[in-house]
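First up is the structure itself, then whatever we jot down about it.
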Ligand code: NAD
Ligand code: 022
Ligand code: ZN
């Protein structure tokens with residue numbers, strides 16, 4: 001069949017809207033009509049050419065929602081008409097990682113996914129004789145796409161596509177980092193570095209978990225009002241405190257008779273390695289947990305003094321908020337439908353596929369929290 005898609009033809013070039021060929025689903029695969037897709041940082045990172053593993057030409061996009069239109073042989077977990085969210089972290093429930101119950105990083109299709117290919121080593125997308133690569137196993141910048149069944153979460157059909165597509169990455173990553181990775185408890189104190197599309201979801205996750213003090217840190221003062229909207233209790237702009245951010249935060253979080261400061265939980269949502277260090281060091285001695293969510297550029301390194309860890313701080317990281325996609329994503333959609341979490345205010349821009357490059361511009365300019373393309 002033919003489908004309309006925004007194709008990343010080469011690094012550093014705008015996406016080109018065109019008709020491409022899409023082969024139907026093979027065994028274990030599913031054809032999905034994408035109804036809406038968010039534009040996220042990794043799409044930009046790959047398109048810019050900064051990702052050394054980026055492949056071109058490719059169809060980017062990994063934050064979508066849509067409807068099943070056809071299934072291949074042997075597919076049992078979804079059927080025609082089901083509403084689904086594509087998963088860049090699949091859940092096969094059979095590999096050693098899935099069976100371990102200790103991680104969400106399923107390995108079933110990991111190798112081929114990283115090569116921009118389907119599990120059988122081929123691509124379903126092409127233009128004439130030329131192959132186009134898949135991206136993060138999702139390629140949601142195409143009106144129709146093919147995915148393995150283990151990379152689809154079946155969700156409540158009443159949920160609006162243009163909102164729940166964000167659950168395909170940002171919402172689940174932020175909320176999941178709090179609940180699955182940090183396992184934040186009631187009454188906790190927390191610091192969130194970077195109040196973009198991820199940080200705001202960390203804040204609403206903290207609120208959900210019952211955290212008491214939620215400090216947001218951002219170099220952009222416009223983010224104060226955004227943070228407050230989702231439950232942030234204090235805001236710090238590191239540029240305006242006239243000193244080092246770490247002692248400032250430690251001071252703000254002093255509690256108890258010994259007056260030792262530091263937050264119970266801190267989260268990096270910037271991807272800046274210096275900020276990751278600040279986040280670790282602003283966590284409480286003895287039990288502080290610091291979660292790296294931000295993805296840093298290739299080759300970057302983090303550092304701190306071993307003393308920081310010897311004195312009981314834990315440095316941890318999370319992919320897709322530690323969520324098991326097929327199990328957890330439908331639950332998060334239900335939370336949205338039950339109004340336990342908010343998504344609508346974070347979708348700041350709705351675009352048509354023809355205007356998708358504008359979404360990348362808005363992200364560069366820091367003007368959007370999330371732009372969503374509606375097909
Ligand atoms: P964003 O650009 O919308 O937000 C980043 C925020 O950080 C901005 O508000 C910016 O002003 C602020 N910031 C920049 N430098 C700062 C500093 N020195 N101190 C404090 N704040 C600073 O980005 P986003 O969409 O929220 O994504 C954040 C990061 O999360 C990215 O690196 C992204 O790739 C990553 N991410 C990771 C996962 C995962 O599974 N681990 C999933 C999705 C996104
Ligand atoms: C999503 N991300 C950033 C913004 N939006 C993002 C990027 C990478 C990861 C998670 C979220 C990530 C963390 C760890 C891994 N990835 C490796 C997983 C593994 O090896 O099992 C990651 C993922 C997918 C891909 C590359 C890296 C890919 O499909 N190309 C989950
Ligand atoms: Zn993303």
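So the values come out like this:
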quantity	calculated
Packing-based order for 54-65, 362-373, 340-351, using average beta carbon neighbours within 10 Å, highest first	54-65, 362-373, 340-351
The chain: most fluctuating residue of 139, 283, 314 per GNM, C-alpha cutoff 10 Å	314
Relative compactness, segment 75-150, computed as alpha-carbon Rg over 2.2 N^0.38 Å	1.17
Alpha-carbon spread of segment 209-291, three principal axes, descending order, Å	35, 28, 24
Cα gyration tensor shape for segment 1-111, rounded if a/c is under 1.5, else prolate or oblate	oblate
Euclidean distance between Cα centres, segment 25-69 to segment 294-373, Å	16 Å
Rg and Dmax [Cα atoms of segment 57-110; Å; Rg one decimal, Dmax integer]	13.3, 36
Choice from 224, 129, 13 with maximal GNM fluctuation in the chain (Cα, 10 Å cutoff)	129
Cα-projected label distance for residue 314 with residue 212, points at 7 Å along beta-carbon direction, nm	2.1 nm
Equivalent-ellipsoid semi-axes of segment 127-198, from the Cα gyration tensor, Å, largest first	33, 15, 12
Within the chain, helix-based [θ] at 222 nm, where runs of 4 or more DSSP H residues each add -39,500 (n - 2.57), nearest 500	-6500 deg cm²/dmol
Range of Cα positions in segment 230-368 per principal axis (Å), largest first	55, 33, 31
Rounded D (µm²/s) - segment 138-243, Kirkwood Rh over Cα pairs, Stokes-Einstein at 37 °C, 0.692 mPa s	213 µm²/s
Computed lengthening from residue 364 to residue 255, 0.36 nm per intervening residue step minus Cα-Cα distance	35.3 nm
Solution diffusion estimate, µm²/s, Stokes-Einstein, the chain, Kirkwood Rh from C-alpha pairs, 25 °C, viscosity 0.890 mPa s	117 µm²/s
Full-extension gain in nm, residue 355 to residue 103, via 0.36 nm per residue minus C-alpha separation	87.0 nm
Spin-label model distance (nm) - residue 73 vs residue 9, 7 Å beyond Cα toward Cβ	3.8 nm
Least to most buried among 335, 315, 226, 287 (fewest other Cβ within 10 Å first)	287, 335, 315, 226
167, 175 arranged by Cβ crowding within 10 Å, fewest neighbours leading	175, 167
Distance in nm between pseudo-label sites at residue 50 and residue 307 (7 Å out along the Cβ direction from Cα)	3.3 nm
Neighbour-count ranking [beta-carbon atoms within 10 angstrom, fewest first] of 146, 84	146, 84
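No value in this document is a laboratory result; all are computed from the given coordinates. All of these numbers come straight from a predicted model, not from anything done at the bench. In this analysis, Cβ positions are derived from the backbone assuming ideal geometry, glycine residues included, and neighbour counts consider all displayed protein chains.
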